[in-house]
Structure formats: C-alpha cells, structure tokens
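What follows is one structure encoded as structure tokens, with my remarks underneath.
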Amino acid sequence: MRLKTSSSRTERCLITGFDSFGKFTSNPSQRIVESLPEEFKIPRTNLLVEVDTLVLPTCCKQSWRAIRNQLSKNRYKSLIMLGLSGGRSKISLERYALNIRDYGIPDNNGHRYDGTPIYKGESEALKTDLPLTDLRRVLRGKNFPTEVSNFAGSFICNEVYYHALRYKEETGALNSVLFVHVPQPKELARTLVEAQHINMESAKSAAARSTKALQLMTECVQEIATYCSKLS
Ligand code: PCA
C-alpha cells in the first residue's frame, strides 16, 4: 500500500532493467529493479518518490515499446534505465546515446544489425542534460564507486537510451533521462575490496561480497532517483 501525508509532494520515477542475454545467465540490472522499494521518502524533505519498475526483454523492438507504453500511463518526472556492462568495474553514468545499431551478438529475439542507424537522417548522438559530474560527486561522496562514461555501447542499452532521449526532446514529458550501466556484482565487489570499502569488511565469502555489491548498487540507484527527483 502506498502511504502519503497531506504535506508531502510526490514525484514519480520509472526505473527499468533488462533480462539476461548472450552468455549471461542472470542480469544484475533485473535483480536491482526487483529489489527497489515501491516508494521512499527523501530524508529532510517533504518529497516522496514513487517508483515503478519494468524488466525489459533484451530485444530492440520490445524493450522501447514496453518503456513507451509505461510512459503513456503516468506522468513521470524521471526515467532511469539500467543495464549490465560485463567488462566494467564501476557504476557508469552514461552521457551519450549513439544513433547506431551495431550488435556484436544477436538480441534475445535473434535481431542482428551491422552498423545501421536507429533513425535514418537524425542526430548521430544525443546527450543527457543531467549534470553528470555533479551527480558523480554526490554518489562518490556517499561511497558509491561511480564514473561518467561516454560510450553506452551499440547494442540494446544504447538503443533504448537513444529512443528515450529523443522522446524527451520531442515531448518534453520527462525532466530527467539517464542510462546507468552496472557491472557484474563480483566485479564491483573486487573494486570495493580494493578500495577497502566499509561494506566489505564483514563479507568473508565471494558470494557474500557479491550480495553486498548488489545491495550497494540498489542503494546507488535509489540515490540517483533521489537526485533526479530533487531537480526542478
Ligand atoms: N546490457 C546490454 C543489453 C541488456 C543489458 O543489460 C547492453 O549493454 O546493451
């Protein structure tokens, strides 16, 4: 049940993850969205954030269709999309989406593209207007290992990001749009151990460390939703 006091202001946020794809048997972005609370209050404010989530099929057609359909149902202030980037060791705030489909592997429905535009004749790249270096400062200040990335790849994550930034430009409907690539929990755990992160002290086994890393990513996503919800 969603609770609301009369003096609180509510901001809606849509947060999406992807199902497993390619050689990956699970996708941390899915596990993160499944662990997020339905709503949370931002401390020391009267702001309540309502969180809707979607787990998207890793398919060029179905993924954006599902997001657009959900966007048409409610007035969202923020759209935060998550996806796995296998090779990374930190949480990446993506700055750009490219107008390109250049898949190294087929998507989950067998679609494959080799360097074709998503929208013919449109901008080569779109950029989020969120102040990413400030967001990174805030997140690092809370001990989340975060980086700004200038390349979201050329597969489905890049593609939904391009669609979403274009949708924001065309409709003006969203205040914030951001794509966040997350690492594998065990990679983030390694980063946290190397940084002697306080969260890792009590985790003795590799499995316990991965669980902690996943929890930390979920908290980080909540911080990103907080940041976006506070922006005017
Ligand atoms: N990562 C892929 C697609 C789904 C996901 O989680 C990507 O980076 O495009």
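The values are calculated or read from the model by the stated rules, or taken from the named source; none is laboratory data. Keep in mind that this is a model prediction, so the values were computed, not measured. Here the Cβ positions follow ideal geometry from the backbone for every residue, glycine too, while neighbour counts run over all protein chains shown. Please note that ligands, DNA and RNA were not included when accessible areas were found on the heavy atoms of the full protein model with its side chains. Shrake-Rupley method; radii C 1.70, N 1.55, O 1.52, S 1.80 Å.
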Q: Rounded to the nearest 0.05, what FRET efficiency do Thr45 and Thr171 give with R0 = 35 Å and r taken as the Cβ-Cβ distance? Could you check?
A: 0.80
Q: Could you point to the residue in Pro43, Thr10, Tyr76 farthest towards the positive end of the chain's charge dipole, with +1 and -1 charges on the Cβ of Lys/Arg and Asp/Glu respectively?
A: Pro43
Q: Would you mind working out the accessible area per residue for the chain, using a 1.4 Å probe, and quoting it in Å²?
A: 49
Q) Using a 1.4 Å probe on the protein chains only, how many percent of the accessible area of region 113-232 belongs to carbon and sulfur? A) 47
(Q) Antiparallel versus total DSSP beta bridges in the chain: what percent is that, nearest 5? (A) 30
**Q.** Estimated 222 nm signal from helices in the chain, with DSSP H stretches of n ≥ 4 weighted -39500 (n - 2.57), rounded to 500
**A.** -11000 deg cm²/dmol
Q: May I ask you to list, by number, the DSSP H helices of the chain whose Cα span along the axis is at least 18 Å and whose average Kyte-Doolittle hydropathy reaches 1.6 or more?
A: none
Q. Which percent of the Cα-Cα distances in region 126-232 go past 21 Å?
A. 44
Q | Dimensions in Å of the chain - Rg and Dmax from alpha carbons | A | 17.3, 54
Q. Given a Förster radius of 25 Å and the C-beta distance between Lys73 and Ser8 as r, what FRET efficiency does 1/(1 + (r/R0)^6) yield to the nearest 0.05?
A. 0.70
Q | Gained length - Ala206 relative to Ser20, 0.36 nm times residue gap less alpha-carbon distance | A | 64.8 nm
Q: Please tell me the relative contact order of the chain in percent, rounded to the nearest whole number, where contacts are Cα pairs under 8 Å and at least six residues apart.
A: 25
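Would you kindly state how much longer the chain becomes between Glu38 and Asp102 on full extension, computed as 0.36 nm times their sequence separation minus their alpha carbon distance, in nm to one decimal?
19.5 nm
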Q: Identify, among Ala203, Pro185, Ile91, the residue whose Cα sits farthest towards the positive end of the charge dipole of the chain, taking +1 on the Cβ of Lys and Arg and -1 on the Cβ of Asp and Glu, with the dipole about the Cα centre.
A: Ala203
(Q) Nothing charged except the Cβ atoms of Lys and Arg (+1) and of Asp and Glu (-1): what's the magnitude of the dipole of region 142-232 about its Cα centre? Round to the nearest 20 debye. (A) 260
(Q) Charges at C-beta only: +1 for Lys and Arg, -1 for Asp and Glu. How large is the resulting dipole of region 66-143 about its Cα centre, in Debye rounded to 20? (A) 500
Q | Given charges at beta-carbon only (K, R positive; D, E negative), |dipole| of region 1-157 in Debye | A | 440
